[in-house]
Amino acid sequence: MRVLRSAVVALSVGALLFPVAGGWSAAGAAGTKPGRGSAHAGSGFLRFRSPNMTYHGGNVMTTANIKAIFWGTSWTTASAVGDKVSGIDTFYNGFSGSNYAKTSDEYTDGRGHQVGPATSYQNHVIDTSAASGGSSTSVILNEVVKEITSPDPTGNGYYPVYTDVPRGNANYCAWHSTGTDRGVTVQFAFFFRLDGDPGCDPQDTTTTHSQGLAALANVSAHELSEARSDPNLNAWYDSQGQENGDKCAWTFNVPSVAFSDGTPWKLQGEWSNQAYNTGTGYPNASGQRGCLNGH
Ligand SMILES: [Zn+2]
């Protein structure tokens, strides 16, 4: 979902939100499903608008150089570190080169760059100061600037910020955005603590991950895929402003997918224009067969 300045969630700059399950309508006018037919006045025929995403001129990330930031006072406990911190480390290490990562590889920019399957994970940092919620992108960018002292000069830096703040009444689970750190374009994302949160729970029953880790992994796959195909919120999205993660949110197809290192994760799919055009995807919540999860 494309959220503009002064939208309901009062984000200070543009960001793209991952809604809670079944929650598109909670964020305002974009509750309509993309791609249903619309009548073309005067033609006498119904013309069906393609649900595919189109290119809007901006960059894609050819790779993503990822460093996770865990922010909040509770990230000192051994259980939190042993479960989610090490679990998220495993997630990003296994993501690179996976069939799941390849679901975003068809997207290119206008200068011949293409999303590539390889990403690089540069471990995490932990900031045990009190974390903020996700209502301000500038607060999260400031945290990135504080913790990432030398942002990736190639512009492919991606910094997911995992807070220990519960979602409360927010109508999103996570979001991604972009900004500038010491003159370098950076991509970053925000995550609530999702333990025991039914609105952001993929209901993973087959891997051995804790519920909170499984929930973070699913939204992490969504945000990273969107950041790769639409890093600066001006590349690939559909006529409703939905990016590749949004279009397949909360549809899973299989109980888990295996990453390149064999680790299993329950992850939503990502929209593929190619899969939709060739009828090779599985259906999203609107029944459009453009979702892939690389299994
Ligand atoms: Zn999204």
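The values are calculated or read from the model by the stated rules, or taken from the named source; none is laboratory data. Model, not experiment: these values are computed from the prediction. Glycine also receives a Cβ, built like all others from the backbone with ideal geometry; neighbour counts cover every protein chain displayed.
Computed quantities for the displayed model
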item	result
Candidate set from region 109-128 (those that are of a type in the set (Val, Ile, Thr) and within 17 Å of the chain's Cα centre (by Cα)); member that is nearest to Glu147 (Cα to Cα)	Thr119
Checking Ser150 against (1) outside any strand (DSSP E or B); (2) surrounded by 14 or more Cβ atoms within 10 Å (Cβ to Cβ), the condition it does not meet	(2)
Region 269-292, residues that are surrounded by fewer than 24 Cβ atoms within 10 Å (Cβ to Cβ) and assigned to a loop (DSSP other than H, G, I, E, B)	Gly279, Thr280, Pro283, Ala285, Ser286, Gly287, Gln288, Arg289
Residues that are in a loop (DSSP other than H, G, I, E, B) and buried (at least 17 other Cβ atoms within 10 Å of the Cβ), drawn from region 134-147	Gly134, Ser136
Some residue of region 48-68 being at pLDDT below 95 and among the basic types (Lys, Arg)	yes
Any hit, region 237-250, residues being touching a residue at least 24 places away in the same chain (Cβ under 8 Å), touching a helix residue (DSSP H, G or I) at 6+ places or on another chain (Cβ under 7 Å) and at positive phi	yes
Hits in region 181-240 - residues which are of a type in the set (Gly, Ala, Ser) and in a helix (DSSP H, G or I)	Gly199, Gly212, Ala214, Ala215, Ala217, Ser220, Ala221, Ser225, Ala227, Ser229
Test set (1) farther than 21 Å from His176 by Cα; (2) surrounded by 23 or more Cβ atoms within 10 Å (Cβ to Cβ); (3) of a type in the set (Gly, Ala, Ser) - Ser256 fails condition number	(2)
Counted residues, region 158-178 - those being away from the ligand (no atom under 15 Å from the Cβ) and within 11 Å of Ala189 (Cα to Cα)	4
Matching residues in region 218-248 - criterion: being in contact with a Pro (Cβ under 8 Å, 6 or more places away or on another chain), within 8 Å of the ligand (Cβ to nearest atom) and under 20 Å from Thr185 (Cβ atoms)	Glu223
